[in-house]
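The values are calculated or read from the model by the stated rules, or taken from the named source; none is laboratory data. All values derive from a computational prediction rather than experimental measurement. Every residue, glycine as well, gets a Cβ built from its backbone with ideal geometry; the counts of neighbours run over all protein chains shown. Protein only, heavy atoms only, side chains kept; ligands, DNA and RNA dropped before computing areas. Shrake-Rupley method; radii C 1.70, N 1.55, O 1.52, S 1.80 Å.
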Amino acid sequence: MRTPLVAGNWKLNKTVIEAYKLVSEMLPGLRMVRGVEKLICPPFTALMAVSRLLKDTDISVGAQNMTWEEQGAFTGEISPLMLAEFCQYVILGHSERRAYYGETDVIINRKVRAALAHELRPIVCVGETLEQNEAGIAAEVVSQQVRDCLQGAEPTSTDQLVIAYEPVWAIGTGRAATADGVNTFIRNAIRPVVAGLLGEGFSQGMRVLYGGSVNPGNAGEFFREAEIDGALVGGASLKAKSFVDIAEAAQGVR
Ligand code: PEP
């Protein structure tokens with residue numbers, strides 16, 4: 001049985017004071033949600049404040065990126081060692097990092113292995129562009145991303161690794177994919193690749209999230225699908241009520 005995970009990716013939003021306010025607003029509602037793992041991924045600058053606020057709660061904290069290096073002359077970078085002080089998770093390979101900062105699967109793979117080595121749980125983002133989708137090569141593209149990003153990764157248990165399937169054309173566009181389409185896609189294009197790398201048992205135990213314009217109105221449709229183990233939520237995680245509503249929608253589905 002895979003525990004659903006509802007993760008909020010705040011992207012480049014919220015100062016420390018704003019983060020404090022938003023988490024304080026969410027906290028009472030999120031605390032009432034049972035049987036669902038809840039995760040907040042604020043910007044680096046707010047990690048310490050948010051992790052302090054969430055200490056002694058069942059809500060996890062994650063970062064949105066990191067380097068694979070541990071320390072040294074890498075100006076401007078943040079390492080897994082530093083994140084491990086505040087975070088349980090780290091989002092890696094988000095399509096915005098791939099598109100705007102040139103991150104390749106090779107880079108993402110180094111980050112995934114470094115995160116695991118520091119007991120940070122990577123949420124590895126994969127997804128096809130609109131052009132790739134329209135060309136009918138989504139499964140091929142995403143299978144290759146999964147293979148390349150996870151090559152040589154050695155998670156010690158199924159909860160150490162999460163994949164987020166996020167079709168690029170669905171992110172921030174208000175145009176979500178269909179729930180049954182995503183379900184089939186995960187079953188046919190993602191889990192078999194993970195099985196090939198890490199074994200069938202691992203593939204069946206590992207969580208795969210959907211991301212792309214998830215909101216309180218459509219979240220339940222995704223969560224009711226057998227292969228979808230939660231959501232990576234962007235825009236809707238910036239409003240307390242909508243994020244709490246999405247987490248509530250994941251309750252009782254498993
Ligand atoms: C995301 O940033 O990962 C995302 C899915 O964004 P949104 O929910 O806004 O589409």
Please compute the modelled spin-label separation between Glu134 and Arg31, points set 7 Å along Cα→Cβ, answer in nm with one decimal. 5.0
When the charge dipole of the chain is computed with +1 at the Cβ of Lys and Arg and -1 at the Cβ of Asp and Glu, the Cα pointing farthest to the positive end, of Ile246, Phe222, Asn9, is that of Ile246
Checked region 24-149 against the a/c 1.5 cut and the a/b vs b/c comparison, axes a ≥ b ≥ c from its Cα gyration tensor; verdict oblate
Expressed in square angstrom to the nearest 10, the accessible area of Leu130 with a 1.4 Å probe stands at 60
Surface per residue (accessible, 1.4 Å probe) for region 47-88, Å²: 55
Mean Cβ neighbour count within 10 Å, used as a protection proxy, ranking 61-67, 227-233 highest first: 227-233, 61-67
Starting from the amide H of Leu5, placed 1.01 Å from N in the peptide plane, find each other amide H under 5 Å away whose residue is 5 or more places distant or on another chain. Glu37, Gly230, Ala231
By the Cα gyration tensor axes a ≥ b ≥ c (a/c under 1.5 gives rounded; else a/b larger than b/c gives prolate, otherwise oblate), the shape of region 124-254 is oblate
Spatially proximal lysines relative to Lys55 (Cα-Cα < 24 Å; intrachain offsets below 8 disregarded): Lys11, Lys14, Lys21, Lys38, Lys239, Lys241
Ellipticity estimate at 222 nm from DSSP helix runs (n ≥ 4, -39,500 (n - 2.57)) divided over the chain, nearest 500: -11000 deg cm²/dmol
Cα gyration tensor, the chain - rounded (a/c under 1.5), prolate or oblate: rounded
Name the long-range amide H neighbours of Ile91: under 5 Å, sequence gap of 5 or more, or other chain; modelled H, no Pro or chain starts. Ala63, Gln64, Asn65, Ile123
Could you work out the relative contact order of region 104-242? I mean the mean sequence separation of Cα pairs under 8 Å and 6+ apart, divided by the number of residues, in percent. 24
Counting only heavy atoms of protein chains, what accessible area per residue, in Å², does region 101-238 have with a probe of 1.4 Å? 40
Given an 8 Å cut-off on Cα distances and at least 6 residues of separation, report the relative contact order of the chain as a percent. 22
When the chain is fully extended, how far beyond the present Cα-Cα distance does Arg175 get from Asp58, taking 0.36 nm per residue of separation? 39.0 nm
Normalised by the number of residues in region 23-85, what is the relative contact order in percent for Cα pairs under 8 Å and 6+ residues apart? 27
Computing the accessible area with a 1.4 Å probe over protein heavy atoms, can you report the carbon and sulfur percentage for region 1-144? 54
